[in-house]
1. At 0.36 nm per residue, and after removing the present C-alpha to C-alpha distance, how many nm does the segment from K183 to N10 gain when stretched out fully?
2. For the chain, give me the percentage of DSSP beta bridges that are antiparallel, rounded to the nearest 5 percent.
3. At a Förster distance of 35 Å, what's the computed FRET efficiency of A121 paired with M202, Cβ-Cβ distance as r, to 0.05?
4. In nanometres, what is the gap between the two model label sites at K90 and R56, each 7 Å from Cα along Cα-to-Cβ?
5. Determine the calculated [θ] at 222 nm for the chain from helices alone, applying -39500 (n - 2.57) to every DSSP H run no shorter than 4 residues and normalising by the residue count; nearest 500 deg cm²/dmol.
6. Counting DSSP beta bridges in the stretch 119-237, what percent are antiparallel, to the nearest 5?
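Just so you know, all these numbers are worked out from the coordinates, no wet-lab data involved. Not measured: the values here are computed from a predicted model. Neighbour counts run over all protein chains shown; Cβ positions are idealised from the backbone, glycine included.
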Amino acid sequence: MSAPVLEVQNISKRFGGIQAVKDVSFTVGQGEILGLIGPNGAGKTTAFNMIAGFFRPDTGSIKLEGSHIEGKRPWETCEAGIGRTFQLSKPFGDLTVIENLMVGGFARHRDRLVNVGKANAMCAFLGMEEKRNVEANNLTAFDRRKLELGRALCTEPKLLLMDEVVAGATPSEADEMVQLVLKIRARGLSILIVEHVMKVIMSLSDRVAVLDYGELIASGPPKEVVSQPAVLKAYFGERYVQSRA
């Protein structure tokens, strides 16, 4: 069995009197999709931010392909091979779709012609060829989300962090995004995804890890994990669990 692409070991983060993440460990394998789930305030975004370099863990280590990346700055984690999307998409509004994708490409290559070719190929992959010359400000919210995903992919990541990729999407848009993520995984890319829409997580994830009050309470295959009492309690409360007993 090959070594994991991402190894998170015993990471913790405190903000004043709030323990946002406590002693959390998990791995993401090559070509695997790991879903990171949990109720609001569980620590998912804080964990994401530590992996992406926005926060330094108070304790613990984070390795990408065996190399320590904890404490690196966001642009350094990008150079190391981590791409990320955000809950709120923020493309360069006055730039076209192609130009936005080229921005991602320049993180890896300095040659403009190389990046033009990469951007055009990414447009086709995203199904946005007809919008290649449209300014980002004139795109729909869903197309801006796809554009942000494409820009992250143009950095040629080894690991892609996806934060609530179907937030605000219609059912048909959510289905399109699921198919797009599966196409990305088919390329061999490893993905760590945070998502509140359980249908999406269940259909995408090979495994899920569940956080509650900053602690890892369960991990494993999605269908097995979501039926565990600790997970049901975290989402629905103690009364719900007792009513099922």
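1. Gain in length upon complete extension: 59.1 nm.
2. 55
3. Efficiency computed from Cβ-Cβ geometry: 0.70.
4. 2.3
5. -11000 deg cm²/dmol
6. Among the beta bridges of the stretch 119-237, antiparallel pairing accounts for roughly 50 percent.
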